[in-house]
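Right, one structure below, let's go through it.
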Amino acid sequence: MISRAFIVRGALAVCLIAVMAVVGYGIYYSNRPPAVYQGPPTVKLISQPQYANTVAYIFGDDIEVPPQFPPVAREDGLLSLGYANTAITPVVVERFYRYGQSVAEQVLGPDRRSYFVPCTPASVKTADGECARDFIVPIGRLLYRRTLSSDEVAAYVDLANTAATQLQDFYQGLSYVLSAMMASPEFVFIWDRLEDDPDNPGQVRLDAYSKASRLSFFFWNSTPDDQLLNAAETGQIHTEEGVRRQVERLVGSPRLKQSIRAFFADMLMFDHFENLAKDSVIYPAYGPGVSGDAAEQSLRTITHHLVDNLGDYRDLFTTRETFLTNTLAALYRVPVEPSREFVPHEFAEDSHRDGLLTQVAFLSLHSHPGRSSPTLRGKGLRESLLCQEVPRPPPNVDFSNFEDAAGDFKTARERLVRHSSDPACANCHKITDPIGLGFENFDGAGQFRAREGGALIDASGELDGIPFADASALGEAVKQHPGTTECVVSRLLANAINRPNRAEDVAVIDDLLGDFAQHGYRITDLMRSIALSEAFFAVAEPSPDVATVARAD
Amino acid sequence: MKKPISRRKFLKGTLGGAAVTVGLPFLEIFLNANGNALASGLPIPKRFGTWFWGLGMNREIFVPKTVGAGFDLPEEMASLAPVRDHINVFSNFDTTTDGRPNICHYTGWVVLRCGTAPSDRSDLAGQSVDVMMAEAIGRGTPFRQIDVNATGDARDTHSFRGRNAYNVPETSPVAFYQRIFGPQFQDPNSPTFTPNPKIMAEKSVLSGVIEQTASLNKALGADDRARLDQYFTGLRDMENQLAYFLEKPEPRPACHAPGAITEEMPLGLDAELIAERHKLMSQILVMALACDQTRVFNMTYSNSFAATVKKGHEKSHHTETHEELVDPELGYQPMVSWYTRRSMEAWSYFVQQLANFPEGDGTLLDNALVYAHSDQSFAKVHSLEGIPMFTAGSAGGRIKTGLHIDGQRSPGTRLPFTLMRVLDLDIDAWGSGANRATNDIADILV
Amino acid sequence: MAAQNRTEPTVFGKAGGAALGVFLLCGLVPLSGESGEVNGSIGLVISYLNLALYQTPDGKEECPEGFHHTQNDNFMAQFPTEEARETMLKKYIYYTHRGPNGEDVFYHPTVIQDPLPLRDIQGSTGLGIDLDGRVDSDDFNSPTGKTGIDNQIYRVVGCIPGLRNGGTIDGSLKTEIRASHKMRMLVEITGIDDFQNDDQVTVSMYRGLDGIEVAPDNTLVPFRSQRIDYVEGQRYIHQLSGRLEDGVLKTEPKDVMVPMYGPFNIQRDIVLRDARFELNLTDTGAEGFLGGYFDIENWYGSFAKIWGAHFNADVTGWSGPATYAGLYRFADAYPDDEGRNTAISGAYKLEFVRAFVIHDPAKENTGRTVAAESSHD
């Protein structure tokens, strides 16, 4: 068995062959179940896309949800792991309360209430417990991802009745109940709940509803639907067959794209687009709408390739099939059918646009507002797509080396030669710059250029032993790099089970990698493998550790 | 359709000086004979705030040559001339890594906010000084503290309750306005007060749901239990906020809810844009203070890696600190200094906003204490020695102003320590290791 | 309950690029991804158009006596007393109705002579193109040393303040060009073998259909795609032959129609006879001239319709009868049977940014009609 550490360290094409040879069988056909690490149950704050998907599923996608939630820290390359750890300051709770209030006002406002409340109250000016119940029971089940107990329902109906009586307004009372439910930790957190495992006395397992949520958020990045909740209620979800049936249904749904989009937006750090602006004098074509379009282009490229075409994940780094708006096409300097919408586009063979890394999103995200940055691009590639960590700069860097001839550098390569000639800088910059320089044919807005400062750009370099001549060849090198597939496997696993990879996960990851290879590196098959792996539902009792997070008061 | 009030109009109309002029009858009714307290006998509230800018300064053209009163204003802080007598300058105070690594652009401000040098980039020991202040003086207002920035990026804050627990700042003028002066706002000067029945109903439903969920599954790890507790704390704060709106507020003669802001600002870190965002956020903040919606605040002008840019110039502030040549004739990095000067202009503007806002027989600034600082002194080499600091305001006559204090390389943490004691926090020491402060900066005490 | 189901457009795959097939993306293989040149072609979309007027900032050099006398100046001169003016206005209601029978003198410029003289351009510096290959005594020299420039319309209208930089007409043209596709002139150069020097290229003129994007610095964003207006814009479609000389496009003379719109959607197209381009091509656009002979009746009709109605002439600073007479006085081409010239030389100053011209083969096969095919040498 090839260890994960070895792959990351060695990073040679040879490894890939070895991995494929050794683990050339799928884990759920294996007679040798890997020893699976059982993580603690998690309580995960709902993310903006999860919230938006949930609201859209329950109430329709015309209900407005704020486009940005409070930021969380990325952990092991993923915000989604940060959500399982972030501390909750009062201002965050206040925001969630207001989000819920806004949704409730829209849902129970005069325009939509008749659509969502399945009954007509006796009078809009008085309480109507029966009608309130008819609304609360099904909505509460989807919001809390479990069937509400009769006590709970009774309590919520009481609250609605009291408020309706106080205000002489049935719908307003119901609206306050809905907004308070959406501020409840039952909705705002996605819970792992444990129960005794009847098959393994003395051990615990995820309860049925928690399993339904785990599946639903993994495949749809949204709340479980009625069928999943039924499978939980009937206990089918505890059977292998029941899980398999649900997995097939989930993976075959168009809603799978929601999850793929969210995962790659997270892995590729597209949240940084929320604050990305380019210098309008230096890059006049990169107007305010471009960054959103650029992110959307890459996400459409990804979902099209991975879901519509069931393509090989590695081909994402070479595919020329994409989608463009007229505004984006101007940056690429290609003709498109002018439209406000995205239209399919295939870049020409010698367009220099081969794969995700040569798209405006990656190139402009990992650049400064007014210029390109080989260092940021190199770091972006290594950290987000190869799962390698680039050390931070040392504290007391001596920048005097830059001073000698700072004004005379024509190209970024000339500037960065300084980094490699200074030993204090060289150690880190040799990790980032040689690959980042491969993208120098693209300026800070992602526009192609042959020259910088009049000098022809040399975009050659090497990626962990694989030489390349330019960004297109670098895409090919990334495709060949064993870290590329391993990275997506380990990140997707972490995303599925809500915790960073651990040393104990090596066997699971290696098995998944083998399975991934066997299925032609199709993401949908990888997701199926993950969900059917023993690791997916594996949890243990939490250790009674001392809290390490701050108390809020 | 309601016509949105343009940003410019808002700037001019409500806060430019004209609209803050309060009719005398109000003053007579609401203030006691001395003008230093409300007629009800309650003192004018004390306020504490912080103001942060990134990437320090150039010592030679920033630090005044003379100490004490009447200090000179070297070119990099020349824009502070209108507020010189309202501020104190603190130079030559040290911040140390305390044997830990110097985590670039992090160690400096973390020490000056919580007194302890971090051991890694996510390390935050305890709470920041503003949170401690908020516990002490922030109760009794709807918002225990308010955090805002001028960068538009919700990650740019220097206020925290511990590791992973940053206070999320307001970044959008529209959202900030809505939060403070939205429909739930109770005008403290309204002649009549009737508790809003909607808020009453809303609060009772919220309380009911909190009760419903209070007995959630406790089979959680300690961390998750703590997070759940945090969440309930937040919900109770929310409950208290609603409760506050149900009580008749004390009259605040200086309070005038500004016209609604409906126009979002564009993204970006161009210095002009930051200046405009800073102005707008400052003005809403000042009115929130005048209306006693909060007593504790944090303003971040730029973050510690300040990526502020000058339009058409390809290098950001941070990049220039490392890459720009020192001009042999000037003796400093001209572009870096350009960025520092913009920061000082904003600081000057901020102090002026408070200083020009009448309250009682003085100004809002008289009843406030603002602590301003950066994360570095000389950013080119990430220097922590002599990180520049200021105070503004006299906290109701409790500290002197108009002074330049030379710290003689004593710990910079002495300043926040002193300020907390000035506002009656009962502490004898603050910070840890070499950054532990035990001595007040006596020169500023009245 | 509404399930969220955001589907994305049908793509590639089985459809095999059907969506793209509708539009022929002018060529197959880009010569260079950087410059946006597709298969030896360059597309351009208009960003500025006005008559080519050499002007000094205060006009003292070219208009030493001052700018044109306005409609109001002439009205005051024609009816010098308060009483005379009152009588005229009582009878004919509006002050432009200065004709002997109350005719509007902008639409009937021959019914009177303006009492005040035309202030025509003095001096010999001018912009434009040498249309006849001769250096005549009334030709202009450009500030950069070009000689033999034929631009007699400049003599007539160069001292109208509204036409000059920052004037009302200049501003209106800028607005019209950006606000809609009505004046969205597209130029496409095809058949390019060498982008610097090529003795045979084809130049097509179209009107575009799609919006432009203005960058924060108020320039147009280049390299956006523009579809051709085959329906309403059919009359603006022309094909010219040309050549590239050191990166300058020069075309052979041909009659063309230039879309011309004013405020309030007033439309009066311009016929330019023996029109030819002289454009300096850059990486992101082009600037230069479209020169030729303006048919005087057509040009005056357009100008008077757009800028002579109501008080427009006073806002823009000119008067009808003097200008009309001036046009014939300086006319230098297309004599009628009686030997009187009916056209006047001139040029538009043009600026373009690069664009992709999107063709629809289905619509091009229906047969292209060109407005005017006659040429003149």
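Once you put a point 7 Å from the Cα of B:ALA214 and another 7 Å from the Cα of A:ASP308, both along the Cβ direction, what distance in nm separates them?
Roughly 5.4 nm, to one decimal.
Over 18 Å between Cα atoms, which of C:LYS174/C:LYS349; B:LYS203/B:LYS248; A:LYS410/B:LYS315; C:LYS146/C:LYS250; A:LYS44/A:LYS257 qualify?
A:LYS44/A:LYS257
Per residue of B:192-200, what is the mean number of Cβ atoms on other protein chains within 10 angstrom of that residue's Cβ?
On the way: counts 0, 0, 0, 0, 0, 6, 6, 0, 3.
Mean inter-chain Cβ contacts per residue within 10 Å come to 2.
Rule-of-thumb check for the protein assembly as shown: C-alpha Rg over 2.2 N^0.38 Å?
Working: Rg = 36.3 Å, N = 1376, 2.2 N^0.38 = 34.3 Å.
So the protein assembly as shown has a normalised radius of gyration of 1.06.
Which whole-number percent gives the relative contact order of the stretch A:259-480, counting Cα pairs below 8 Å spaced six or more residues apart?
Once divided by the residue count of the stretch A:259-480, the mean separation gives 21 percent.
Quick one: if the Förster radius is 41 Å, what FRET efficiency do C:GLU65 and C:LYS182 give, using the C-beta to C-beta distance and rounding to 0.05? Can you show the working numbers first?
Numbers: r = 36 Å, r/R0 = 0.89.
It comes out at approximately 0.65.
Any idea what diffusion coefficient chain A gets from Stokes-Einstein, in µm²/s, Kirkwood Rh on alpha carbon pairs, 25 °C, 0.890 mPa s?
Details: Rh = 25.6 Å.
Approximately 96 µm²/s, per Stokes-Einstein.
Taking every residue in A:47-56, how many Cβ atoms of other protein chains lie within 10 Å of its Cβ, on average?
1
With no solvent and one equal point scatterer placed on each C-alpha of chain B, evaluate the Debye formula and give log10 I(q)/I(0) for q = 0.06, 0.07 Å⁻¹, two decimals.
Results for chain B at q = 0.06, 0.07 Å⁻¹ read -0.26, -0.35.
Only helices at least 24 Å long along their axis, Cα-based, and averaging -1.0 or more on Kyte-Doolittle count here, so list those DSSP H runs from chain A.
Flagged H segments are A:90-107, A:150-167.
Mean shadow of the stretch C:225-265, computed from the convex hull of its alpha carbons, in nm²?
Convex hull of Cα atoms, orientation-averaged projection: 4.8 nm².
Let me know the shape class of the stretch B:86-244, please: from the alpha-carbon gyration tensor, a ≥ b ≥ c as square roots of the eigenvalues, rounded when a/c is under 1.5, otherwise prolate if a/b is greater than b/c, or oblate.
Oblate, since a/c reaches 1.5 and b/c is not below a/b.
At 0.36 nm per residue, and after removing the present C-alpha to C-alpha distance, how many nm does the segment from C:THR219 to C:ALA309 gain when stretched out fully?
Values: separation 90, 0.36 × 90 = 32.40 nm, distance 3.16 nm.
Net length gain for the segment: 29.2 nm.
What's the ranking of A:321-332, B:358-369, C:241-252 by average number of surrounding C-beta atoms within 10 Å, highest first?
The most tightly packed comes first, giving A:321-332, B:358-369, C:241-252.
Ranked from highest to lowest mean number of other Cβ atoms within 10 Å per residue, what is the order of the peptides C:138-150, B:105-117? Could the numbers behind the result be given before it?
Details: C:138-150: 16.2, B:105-117: 25.6.
Per-residue Cβ counts within 10 Å, averaged per peptide and sorted highest first, yield B:105-117, C:138-150.
For chain B, what's the relative contact order in percent, using C-alpha pairs closer than 8 Å and at least 6 residues apart?
Result for chain B is 32 percent.
Gap in Å between the Cα centre of the stretch B:307-357 and the Cα centre of the stretch A:41-80?
37
Would you mind putting B:322-333, A:339-350, C:118-129, A:172-183 in packing order, based on average other-beta-carbon counts within 10 Å, highest first?
A:172-183, C:118-129, A:339-350, B:322-333
Where q = 0.17, 0.25 Å⁻¹, what log10 of I(q)/I(0) comes from the Debye formula for the stretch B:194-247, counting one point per Cα?
Calculated log10 I(q)/I(0) at the listed q: -0.58, -0.93.
What cysteines in chain B have no other cysteine with a beta carbon less than 4.7 Å from their beta carbon?
B:CYS104, B:CYS114
For C:ASP360, what charge total do you get from the other residues with a beta carbon under 10 Å from its beta carbon, if Lys and Arg give +1 and Asp and Glu give -1?
That works out to 0.
When only alpha-carbon atoms are used, what values of Rg and Dmax, in angstrom, describe the stretch A:43-190?
15.9, 54
In degrees from 0 to 90, rounded to the nearest 10, what is the angle of the helix B:197-213 Cα long axis to the longest principal axis of chain B?
Approximately 70 degrees, to the nearest ten.
Using only the Cα atoms of the stretch A:259-480, construct the convex hull and provide its projected area averaged over every direction, in square nanometres to one decimal.
Values: hull surface 50.1 nm².
Computed as one quarter of the Cα hull surface, the answer is 12.5 nm².
Could you check the simple spin-label distance between B:SER410 and B:SER122, using points 7 Å along Cα→Cβ, in nm with one decimal?
3.8
Note down the relative contact order for chain C as a percent, whole number, built from C-alpha pairs under 8 angstrom at least six residues apart.
Relative contact order here is 23 percent.
Nearest 500 deg cm²/dmol is fine: what mean residue ellipticity at 222 nm does chain B get from its DSSP H runs of n ≥ 4 alone, each adding -39,500 (n - 2.57), divided by its residue count? Don't jump to the answer; show the numbers that get you there.
Working: 12 runs with 140 residues, N = 446.
Calculated from helices alone, the mean residue ellipticity at 222 nm is -9500 deg cm²/dmol.
What is the distance, in nm, between label points placed 7 Å from the Cα along the Cα-to-Cβ direction at C:LYS91 and at A:GLN227?
9.1
Given that compact globular proteins tend to follow 2.2 N^0.38 Å, what is the ratio of the alpha-carbon Rg of chain C to that value?
Taking N as the residue count of chain C, the ratio is 1.12.
Would you work out which of A:SER533, A:THR234, A:HIS368 lies farthest towards the positive end of the dipole of chain A, given +1 charges on the beta-carbon of Lys and Arg and -1 on that of Asp and Glu, about the Cα centre?
Value: A:HIS368.
Can you pull the mean other chain C-beta count within 10 Å for peptide A:162-168?
That works out to 4 on average.
Taking the Cα atoms only, what angle lies between the long axis of helix C:296-307 and the longest principal axis of chain C, rounded to 10 degrees?
90
If you add up the charges near C:VAL203, with Lys and Arg at +1 and Asp and Glu at -1, over every other residue whose beta carbon is less than 11 angstrom from its beta carbon, what do you get?
Surrounding charge for C:VAL203 is +2.
Just C:ARG329, C:ARG155, C:ARG268 to compare: in a GNM of chain C, with alpha carbon springs under 10 Å, which one fluctuates most?
Of the options given, C:ARG329 has the highest mean-square fluctuation.
What net charge is computed for the residues neighbouring B:LEU384, neighbours being all others with C-beta under 10 Å from the C-beta of B:LEU384, Lys and Arg scored +1, Asp and Glu -1?
Surrounding charge for B:LEU384 is -3.
If one takes the longest principal axis of the Cα atoms in chain C, at what angle in degrees, from 0 to 90 and to the nearest 10, does the Cα axis of helix C:320-330 lie?
The angle comes out at about 70 degrees.
Where a number appears in this text, it was derived from the coordinates with a stated rule and is not lab data. Computed from a predicted model, the values in this text were never measured in an experiment. Cβ coordinates were reconstructed from backbone atoms using ideal geometry, including for glycine residues, and neighbour counts include every protein chain displayed.
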